[in-house]
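The values are calculated or read from the model by the stated rules, or taken from the named source; none is laboratory data. Everything numeric here is computed off the predicted structure, so don't read it as measured data. FYI the Cβ positions are ideal-geometry reconstructions off the backbone, even for glycines, and counts take in every protein chain you see.
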Amino acid sequence: MEYIIKFMYSFILPPGLFCTLLVLLGFRLFRRYRPGALAAWCLSFLLYLFFIPITGILLVHPLEDRYQPPEQWDGDVIVMLGGGATRGTPDVNGKGNLSGNAANRLLTVLRLYNETNLPIILSGGQVYADSGTEADIAKRQLMSLGVPENKITAENKSITTRTNAENTKKLLATYHYKRPILVTSAFHMPRAVKNFEKIGVSVQPYPADYLTSRKIAIYPMQFAPSGGYAAFIAIKEYVGLLALSF
């Protein structure tokens, strides 16, 4: 019964409410202006497809399945790309926190460091006026988790994946690193690898922060409108990959 109630709520609360209103508008227009009714129904269906979880899962899954974590590491430095941060928010030992995506990446970097003792490059700046400086926050948090400061280099100027790659390349040359292990979200890894390849840097991908499970399950709530976050992320990544091909 609880799942039935949740499914019904998804059509009377945003964003599903917008689909419902467009359907009702279509019925209201049907007798007076059928092309308008058809347009409303088509728009409602497109929004519905965007908002339901299964669409995002089907779009994200191929991105996340492109690269697998290597069973053995052959690198001389760990490189983590930023993924968002808040500014001024309270933390255990300072101000500013990494977003969910970036925090998941940081956990993977810490575990890789514990396994390899390799130096770490953190790449990510302050993207917006109200966001935190990603590399500096990540450095502070890694140090509080026991990573020595001399093992961490913070590259805090990058604001896009392209500048992540360009600025990291300079640091790789400065410190004579040749085999970077790249850590970023699994959905972001194809675009990240492409950006590094485009400037002549070969990386060993180590995907983290998965949005989807390996096995895709079908159940009613997969067809209930929700936020459409995964679909938005996937479309952004596909557009970015397309832009890199020109």
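The condition (being in a helix (DSSP H, G or I), more than 19 Å from the chain's Cα centre (by Cα) and crowded, with 19+ Cβ neighbours inside 10 Å) is satisfied by just one residue among 49, 43, 25, 112: 112. Sub-6 Å Cβ pairs linking a first residue in the stretch 192-218 that is more than 24 Å from residue 54 (Cβ to Cβ) and in the same structural domain as residue 123 (by TED's automatic domain parsing) to a second residue that is modelled with pLDDT of 95 or more and of a type in the set (Lys, Arg), at least 6 apart or interchain, are 195/162; 199/169; 201/169, ordered by first then second residue. Scanning for something farther than 26 Å from residue 222 by Cα and either free of Cβ contacts under 8 Å to residues at least 40 places away in the same chain or assigned by TED's automatic domain parsing to the domain that holds residue 192 (or both), does the stretch 37-51 turn up at least one residue? For the stretch 37-51, residues farther than 26 Å from residue 222 by Cα and either free of Cβ contacts under 8 Å to residues at least 40 places away in the same chain or assigned by TED's automatic domain parsing to the domain that holds residue 192 (or both): present.
Any chance the stretch 99-106 includes a residue that's assigned to a helix (DSSP H, G or I), surrounded by fewer than 16 Cβ atoms within 10 Å (Cβ to Cβ), out of contact with any helix residue (DSSP H, G or I) (no Cβ under 7 Å at 6 or more places or on another chain) and assigned by TED's automatic domain parsing to the domain that holds residue 169? I'd like the intermediate steps shown before the answer.
Taking the stretch 99-106 first, the residues assigned to a helix (DSSP H, G or I) are 100-106.
If we keep only those that are surrounded by fewer than 16 Cβ atoms within 10 Å (Cβ to Cβ) too, we end up with 100.
This time we only want the ones that are out of contact with any helix residue (DSSP H, G or I) (no Cβ under 7 Å at 6 or more places or on another chain), so: 100.
Okay, now just the ones that are also assigned by TED's automatic domain parsing to the domain that holds residue 169, so 100.
Yes: one or more hits.
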